[in-house]
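Report on one structure; see the data block that follows.
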Amino acid sequence: MSGQCACIFPNTWTTIPANDPAFEQTATIMINKDAKLQSFLPHMHFRGKYMRFYADYPDGTQEELINIAQYNYAWQLSYTYEEPKFVPAGTKITAVGAFDNSAQNPANPDPERDVPWGQQSWDEMFFGAVNWKYIDQGGD
């Protein structure tokens, strides 16, 4: 399905401290018009622990949209709704993810290292791609 796609990144990257088993990052995006969410694609590297996406609706309620509770770097998948999910204008989508930079993470190449943002898999990334279609663009 065609539509809007945005990669939501944190406003600032904070280096992941050495030996931290649960370092969190968040990123948000606002959906400005009525839309239907179609899919999510979480992206982290070897230290990725989990990623969850939430919707904060204009009426003040919150809903968990997807929960990748045991993130695996090898699962660079797009998670697609069977039926697109309606969200009203003014919905804020938040991605919350954690990194395990400890020796307990068997995928961690170096738990003693403070980890910066980087394109190499031994560094880290955090973003969530969200795909949606506005209702006025045929997302009905």
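For the chain, the Kirkwood radius over C-alpha pairs fed into Stokes-Einstein at 25 °C and 0.890 mPa s yields D = 157 µm² per second. Dipole magnitude for the chain: computed about the Cα centre from +1 point charges on Lys and Arg Cβ and -1 point charges on Asp and Glu Cβ, it is near 200 debye. In the stretch 62-140, the inverse of the mean reciprocal separation of distinct Cα atoms equals 15.7 Å; this is its Kirkwood hydrodynamic radius.
In this simple spin-label model, placing a label point 7 Å from the Cα along the Cα-to-Cβ direction at both Ala18 and Asp59 gives a separation of 5.1 nm. One quarter of the surface of the convex hull around the alpha-carbon atoms of the stretch 1-81 equals 6.6 nm², the direction-averaged projected area. Taking every DSSP beta bridge that has both ends in the chain, the antiparallel portion is near 100%. Each peptide in 9-17, 107-115 was scored by the mean count of other Cβ atoms within 10 Å over its residues; highest first, the order is 107-115, 9-17. Within the same chain, aspartates and glutamates fewer than 8 places from Lys133 are excluded, and of the rest, those with a Cα less than 20 Å from its Cα are Asp34, Asp56, Glu63, Glu64, Glu82, Glu83.
Every read-out reported here was derived from the displayed coordinates using simple, explicitly stated rules and does not represent laboratory data. Model, not experiment: these values are computed from the prediction. Cβ coordinates were reconstructed from backbone atoms using ideal geometry, including for glycine residues, and neighbour counts include every protein chain displayed.
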